[in-house]
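Step one of this worksheet: look at the structure below.
Values in this text are rule-based calculations from the coordinates and carry no lab data. Bear in mind that the values here come from a model prediction, so they are computed numbers and not experimental data. Glycine gets a Cβ as well: all are built from the backbone with ideal geometry, and neighbour counts include every protein chain shown.
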Amino acid sequence: QVQLVESGGGSVRTGGSLKLTCQASGDTWNLYCMSWFRQTPGKEREGVATIDTDGYTAYADSVKGRFTIAQDTTKNTLTLLLNSPKTEDTAMYYCAADRNSYCSLRPSDFRYWGQGTQVTVSS
């Protein structure tokens, strides 16, 4: 199966930046879509950004222009660069992947998930 491990989370100031990394391993064949989600206690998981192997990206309106998603298919890594984070960006961030021929920001469309990495933004 596929294993996803996130790293890079931690505390960051609103004027700073943070880079999250997701390392995929195992049977990584045809992981067409990889995405970042986030969740806070008591709230539903929400999509943040997604990318396919052709380089197409889509972002949630709340992070567009501030966050950047990228991947290296040869290394099976996914990154999310958080620029100018806001306090409301505080959440547990999850990496997800699937072999669907389309990409979305719906949690139900993704089969493989990482354990999450905590991001805390302070002013």
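What whole-number distance in Å separates the alpha-carbon centres of the stretch 78-123 and the stretch 1-74?
4 Å
Figure the gain on full extension for Ser25 and Glu88 (residue separation times 0.36 nm, minus the Cα-Cα span) and round it to one decimal in nm. Can you show the working numbers first?
On the way: separation 63, 0.36 × 63 = 22.68 nm, distance 3.11 nm.
The span from Ser25 to Glu88 would gain 19.6 nm if fully extended.
Before anything else, pin down the relative contact order of the chain: Cα pairs under 8 Å, at least 6 apart, normalised by residue count, whole percent. Before the final figure, lay out the partial values.
Details: 305 pairs, mean separation 45.7, N = 123.
Answer for the chain is 37 percent.
Would you work out the charge dipole size for the chain about its Cα centre, treating the Cβ of every Lys and Arg as +1 and the Cβ of every Asp and Glu as -1, and quote it to the nearest 20 debye? Show your work: numbers first, answer last.
Working: 12 positive and 12 negative charges, 60 e Å.
Dipole of the chain, to the nearest 20 debye: 280 debye.
Of Ala24, Gln71, Asn83, which is farthest towards the positive pole of the chain's charge dipole, taken about the Cα centre with +1 and -1 on the beta-carbons of Lys, Arg and Asp, Glu respectively?
Ranked along the dipole, the leading option is Asn83.
Based solely on C-alpha atoms, express the radius of gyration and the Dmax of the stretch 81-123 in angstrom.
Rg then Dmax for the stretch 81-123, in Å: 12.9, 40.
Which of Thr53, Asn100, Trp36 sits closest to the plus end of the dipole of the chain, meaning its Cα is farthest towards the positive end, when Lys and Arg get +1 and Asp and Glu get -1 on the C-beta?
Checked the options; the winner is Trp36.
Determine which lysines satisfy two conditions relative to Lys19: a Cα distance under 23 Å, and not lying fewer than 8 residues away in the same chain.
Hits, sequence-local ones excluded: Lys64, Lys75, Lys86.
For the chain, report the % of Cα-Cα distances exceeding 26 Å.
On the way: 977 of 7503 pairs.
Value for the chain: 13 percent of Cα pairs lie more than 26 Å apart.
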